[in-house]
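The structure appears below as structure tokens.
The values are calculated or read from the model by the stated rules, or taken from the named source; none is laboratory data. Keep in mind it's a predicted model, so treat the numbers as computed, not measured. Glycine also receives a Cβ, built like all others from the backbone with ideal geometry; neighbour counts cover every protein chain displayed.
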């Protein structure tokens with residue numbers, strides 16, 4: 001911790017002066033793609049995580065409200081023990097140091113994803129969540145997310161502009177597919193870095209403050225076509241089919257596997273385009289270059305889906321002949 005880190009010093013003052021904790025150790029635990037940071041504090045009464053969420057940049061109230069909502073649905077999210085909304089500090093359960101990304105391997109992936117499926121089903125089937133007045137993943141939000149790709153990856157990072165007709169067609173295809181799906185509670189970042197590996201009641205779920213009501217395949221494709229780890233396509237299809245069968249039995253969907261697969265693929269394309277834009281923005285605006293390493297894997301997903309569906313042929317041509325050459329020259 002830097003001696004000029006005034007927010008970290010303010011957290012220590014809050015812990016010692018307001019909460020009267022005797023600190024044994026205080027260290028950075030992690031940061032994420034937003035302006036939030038997390039510290040781990042060990043003190044004479046135990047160990048906790050402190051969320052540092054600058055109030056002018058982060059909506060801590062949303063985190064608290066959705067944490068309570070998810071907890072009521074038996075989703076394993078961190079308990080909130082203390083809060084200072086004026087400063088943007090929360091004292092939370094410590095879910096440890098190991099997320100799914102640290103633990104996943106070919107031998108345990110099916111078991112770990114099965115545990116994630118149980119949580120995902122609770123998210124998608126609990127009536128209080130679907131009636132919770134969470135924001136809707138509507139056409140406007142889907143468009144804004146796609147704009148992140150056009151603005152930050154194409155325009156800012158590659159100095160490219162996409163022809164308006166190709167953009168319009170792509171947006172229409174992806175948004176129509178998203179909106180025609182059953183709408184359920186969506187975590188919105190349900191991937192290996194936000195699922196914590198725990199000895200009991202695993203996974204622990206974090207980074208849920210942007211939850212919405214949206215497409216049923218969104219969290220599933222976030223998990224199985226993860227921007228941070230990839231699997232053979234046959235494994236992804238096997239896991240996706242397993243989940244399809246599970247929610248089909250629960251009555252969550254009334255469609256066939258082919259339609260569900262189409263939804264899954266196009267939802268993944270929308271999410272991966274957004275993610276590539278976000279990775280570019282993190283580098284260009286926020287000086288976080290490490291996320292650039294995740295663009296090649298995410299572009300592979302994009303290429304795979306664009307090759308798979310004829311309705312994406314115009315965008316696929318632009319991808320092959322403009323985007324990928326420009327990106328390869330950039331590396």
(message) Can you tell me which condition residue 132 does not meet? The list is (1) over 29 Å from residue 229 (Cβ atoms); (2) in contact with a strand residue (DSSP E or B) (Cβ under 9 Å, 6 or more places away or on another chain); (3) in the same structural domain as residue 193 (by TED's automatic domain parsing); (4) surrounded by fewer than 17 Cβ atoms within 10 Å (Cβ to Cβ), and all the others hold.
(response) (4)
(message) Could you check the stretch 166-208 and list, in sequence order, the residues that are assigned to a loop (DSSP other than H, G, I, E, B) and either more than 10 Å from the chain's Cα centre (by Cα) or not assigned by TED's automatic domain parsing to the domain that holds residue 244 (or both)?
(response) 180, 181, 182, 197, 198, 199, 200, 201, 202, 203
(request) Residue by residue through the stretch 96-123, note down the ones that are surrounded by 21 or more Cβ atoms within 10 Å (Cβ to Cβ) and outside any strand (DSSP E or B). (result) 100, 113, 116, 119, 120, 123
(message) Going through 88, 96 one at a time, which residue ends up being farther than 19 Å from residue 244 by Cβ, in contact with a helix residue (DSSP H, G or I) (Cβ under 6 Å, 6 or more places away or on another chain) and either modelled with pLDDT under 95 or not assigned by TED's automatic domain parsing to the domain that holds residue 67 (or both)?
(response) 88
(request) Determine whether residue 299 is in contact with a strand residue (DSSP E or B) (Cβ under 9 Å, 6 or more places away or on another chain), surrounded by 14 or more Cβ atoms within 10 Å (Cβ to Cβ) and either assigned to a helix (DSSP H, G or I) or in contact (Cβ under 8 Å) with a residue 24 or more places away in the chain (or both). (result) no
(request) Have a look at 207, 219, 151, 147 and point out the one that is modelled with pLDDT of 95 or more and surrounded by 18 or more Cβ atoms within 10 Å (Cβ to Cβ). (result) 219
(request) Hey, could you check the stretch 50-95 for residues that are assigned to a strand (DSSP E or B) and in contact (Cβ under 8 Å) with a residue 60 or more places away in the chain and say which is nearest to residue 8 (Cα to Cα)? (result) 89
(request) Give the residues of the stretch 282-296 that are part of a helix (DSSP H, G or I) and more than 16 Å from the chain's Cα centre (by Cα), sorted by residue number. (result) 283, 284, 289, 290, 292, 293, 296
